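The values are calculated or read from the model by the stated rules, or taken from the named source; none is laboratory data. As the structure is a prediction and not an experimental result, all values here were calculated from the model. Backbone-built Cβ (ideal geometry, glycine too); neighbour counts: all protein chains shown. With ligands, DNA and RNA removed, areas are computed over all heavy atoms of the protein, side chains included. Shrake-Rupley method; radii C 1.70, N 1.55, O 1.52, S 1.80 Å.
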Amino acid sequence: MKELIGKGVSGGIAIGKLYFHKNTFLDIPDYEIDDIEAEMSRYRKGMKLAKVQLNKIYNNALERLTKKESVIFQTHIMILEDSKFVELIETAINKKNNAEYAVFHASLKLANMFKELDDEYFRARANDIVDAAHILLQILQNKNAVTLNEDEPFIVAASDLLPSDTISFKKGCLLGFITNDGSQNSHTSILARTMGVPSIIQIHEPLAGFNGKTAIIDGQLGKVIIDPDKNMMALYKAKRERYIKHQHLLKRQYGLPSETKNKQYIRLSADIGRIEDIEKAKSNDAEGVGIYRSEILFMNRKKCPDESEQFETYKSIIKAFSSRDVVINTANGGSGKGMDYLDIPHEKNPALGYKGIRISLENQDFFRTQLRALYRASVYGKLSILLPMICSLEEIEYVKREIKKIKSELTLKGQKYSDHVKLGAMIETPAAALISDEICKIVDFITISTDNLIQYSLAMDRENQKLIDFYRPYHPAIKKLVKMTIDNAHKNGKWVAICGELVADTAVTKVLLALKADELVLRPSNILKIKAAVREADTSEPNKILENIF
């Protein structure tokens, strides 16, 4: 029996034989051609056939996924047609490189450009470029896609998996995936979660040697067990049954009120960063958007999105939840977030530097453009604006003055806006928590960011691996700061939302209810889990829940 550890990206338990899938992407011929025109013609014919193949994959995906989830394979066609991609290939062929070599190196060049970006989502898109090129290379080399068509269920192991590989495995037989490479936000990981297939990435051990062996994969713990003994097999069969029952329980939560046994209600809303997250939020029964992290719209671009683009983005989110609250934070940029057009300096410690509201206040045109776009979009639903990294009352008062000016400008131009837009402050620092009483007198609501409040209170970078043993998210100081902030907000009649990784921990749910939080802001995938925890809780005696905490 052998145990391998990786990173779980799709939960669940799978038990079955392991089959190693070899990716042939690196087996690329390299030779000098004699007839450039003939090679160019061969490449273009291959392009046409690759588009046909991708359409077939798209239609196959539609049988297993929704249209929105299947569209990535149509996106692959757009990648093949991208002018930069085509230019790189044709330039290489004109230099007498064979078509396969030209396609391979063009895809690597573009993929590496994406891999160098700071945002993990955009880095993961590099895999889509490789996948699109892979389909074209198979056609140029007259190779068929390698698929597993075993009649018995199997677990796929590979150095990495492309989305087109993922969707091609035989339906009904695929139990799970394990890979050496991969990322949380790759389309392969997204597809695994969508199909409900347990998946583990970043296993730092060659997997080919385990071909044909019996394996258990625990997608939640990121654990793979090769050749499990009888006791381990029995343990995981029981665990799999419990997991299946729990998933059925979560599905039954959809449409039920998020209230405790003693009828205490708490709103469960979504934490999103991209337009495509809207459907995830809805399918997980979100009661609105607790935070749309608008900075993602601004990141990794050569120039700032103009007012029109911002307006259309905000409008689409607000319209999607037209009868429910949508909270959009002003751009929370900073060093390393790919907003070079604002001339943000590189900083040794960006967490303590030029970020959040500080950037907005010093870049007036940038900030006013976002405010105009937000107010123009406000007529399409129920908008609230959230200000990140607030540390003083003066920052809020400045924003309120700017909003008055923006509204006057829109009125003069005859552009409509809502007079019911709410303004909130993000409580992320001990300084903000300590003056939360004063803050709550001049805003409409507050959102407590537990991730940053913990980081700044403990003076520890939450991403520093050396601090894992010291990092205590349940430190009594954090609990006291949260309680004080909620009490101050309610004393002033203001709504309190809480976001961050802590909120997704079911062990903390009852405590947050006892603290009288009004709203929990969660990643869509965590909403039903927390709803189940809320509905199981009894908070009729909140002081008893809290007496051992403070």
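Got at least one residue in the range 299-312 being out of contact with any strand residue (DSSP E or B) (no Cβ under 6 Å at 6 or more places or on another chain), in contact (Cβ under 8 Å) with a residue 12 or more places away in the chain and under 18 Å from residue 387 (Cβ atoms)? Checked against the condition, which is being out of contact with any strand residue (DSSP E or B) (no Cβ under 6 Å at 6 or more places or on another chain), in contact (Cβ under 8 Å) with a residue 12 or more places away in the chain and under 18 Å from residue 387 (Cβ atoms), the range 299-312 yields at least one hit.
Report whether or not residue 435 is open to solvent by less than 30 Å² (accessible area, probe 1.4 Å), at pLDDT 95 or above and hydrophobic (A, V, I, L, M, F, W, C).
Taking the combined requirement at face value, the residue does not satisfy it.
Results for (1) of a type in the set (Phe, Trp, Tyr); (2) farther than 17 Å from residue 164 by Cβ; (3) not in a helix (DSSP H, G or I), shown as yes or no for each residue.
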| residue | (1), (2), (3) |
| --- | --- |
| 18 | no, yes, yes |
| 38 | no, yes, no |
| 57 | no, no, no |
| 73 | yes, no, no |
| 77 | no, no, no |
| 92 | no, yes, no |
| 100 | no, yes, no |
| 108 | no, yes, no |
| 112 | no, yes, no |
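Whenever a residue of the range 1-18 is more than 15 Å from residue 155 (Cα to Cα), its partners that are of a type in the set (Asp, Glu), lying with C-beta atoms within less than 7 angstrom and at least six residues away or across chains, give the pairs 1/227; 1/229; 2/227. Among the residues of the range 202-234, those that are outside any loop (DSSP other than H, G, I, E, B) and among the aliphatic types (A, V, I, L, M) comprise 208, 215, 216, 217, 224, 225, 226, 232, 233, 234. You will find that of 301, 242, the residue that is surrounded by fewer than 14 Cβ atoms within 10 Å (Cβ to Cβ), over 21 Å from residue 530 (Cβ atoms) and basic (Lys, Arg) is 301 and no other.
Residue 61 passes every criterion in (1) in a helix (DSSP H, G or I); (2) modelled with pLDDT of 90 or more; (3) under 20 Å from residue 175 (Cα atoms) apart from (2). Go through the residues of the range 297-309 one by one and say whether even a single one is closer than 28 Å to residue 539 by Cβ, outside any loop (DSSP other than H, G, I, E, B) and over 23 Å from the mean Cα position of the chain (by Cα). Checked the range 297-309: no residue is closer than 28 Å to residue 539 by Cβ, outside any loop (DSSP other than H, G, I, E, B) and over 23 Å from the mean Cα position of the chain (by Cα). Just one of (1) surrounded by fewer than 17 Cβ atoms within 10 Å (Cβ to Cβ); (2) closer than 21 Å to residue 450 by Cβ fails for residue 386. It is (1).
Got at least one residue in the range 436-448 being in contact (Cβ under 8 Å) with a residue 60 or more places away in the chain, polar (S, T, N, Q) and within 22 Å of residue 355 (Cβ to Cβ)? So far as the range 436-448 goes, yes, one or more of its residues are in contact (Cβ under 8 Å) with a residue 60 or more places away in the chain, polar (S, T, N, Q) and within 22 Å of residue 355 (Cβ to Cβ).
Note on the range 492-512: residues that are out of contact with any strand residue (DSSP E or B) (no Cβ under 9 Å at 6 or more places or on another chain) and within 26 Å of residue 261 (Cα to Cα) total 9.
Anything in the range 450-483 that is closer than 20 Å to residue 542 by Cβ, at pLDDT 85 or above and either of a type in the set (Ser, Thr, Tyr) or touching a Ser or Thr at 6+ places or on another chain (Cβ under 7 Å) (or both)? List them, or say none.
Result: 450, 478, 481.
Filtering the range 9-52 to residues that are polar (S, T, N, Q), modelled with pLDDT under 90 and open to solvent by 20 Å² or more (accessible area, probe 1.4 Å) leaves 23, 24.
Filtered by the rule that a residue be at pLDDT 80 or above and either at positive phi or open to solvent by 40 Å² or more (accessible area, probe 1.4 Å) (or both), the range 140-159 gives 141, 142, 153, 159.
For (1) open to solvent by 20 Å² or more (accessible area, probe 1.4 Å); (2) modelled with pLDDT under 95; (3) within 26 Å of the chain's Cα centre (by Cα), each residue gets a yes or a no:
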{"residue": "373", "(1), (2), (3)": "no, no, yes"}
{"residue": "381", "(1), (2), (3)": "yes, no, yes"}
{"residue": "411", "(1), (2), (3)": "yes, no, no"}
{"residue": "414", "(1), (2), (3)": "yes, no, no"}
{"residue": "420", "(1), (2), (3)": "yes, no, no"}
{"residue": "423", "(1), (2), (3)": "no, no, yes"}
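Residues of the range 161-176 include at least one that is at pLDDT below 90, in a loop (DSSP other than H, G, I, E, B) and within 24 Å of the chain's Cα centre (by Cα). Elements of the type helices (runs of 4 or more DSSP H) sitting completely within the range 334-414 and holding at least 3 residues that are touching a residue at least 60 places away in the same chain (Cβ under 8 Å): these cover 364-377. Comparison of 225, 296, 216 shows that the only residue that is at pLDDT below 90 and either in contact with a Phe, Trp or Tyr (Cβ under 6 Å, 6 or more places away or on another chain) or buried (at least 17 other Cβ atoms within 10 Å of the Cβ) (or both) is 296. Checked against (1) under 30 Å from residue 114 (Cβ atoms); (2) surrounded by 14 or more Cβ atoms within 10 Å (Cβ to Cβ); (3) not basic (Lys, Arg), residue 260 meets all criteria but (1). Any residue at all in the range 119-133 that's modelled with pLDDT of 75 or more, among the aliphatic types (A, V, I, L, M), in a strand (DSSP E or B) and under 24 Å from the mean Cα position of the chain (by Cα)? Checking the range 119-133: not a single residue is modelled with pLDDT of 75 or more, among the aliphatic types (A, V, I, L, M), in a strand (DSSP E or B) and under 24 Å from the mean Cα position of the chain (by Cα).
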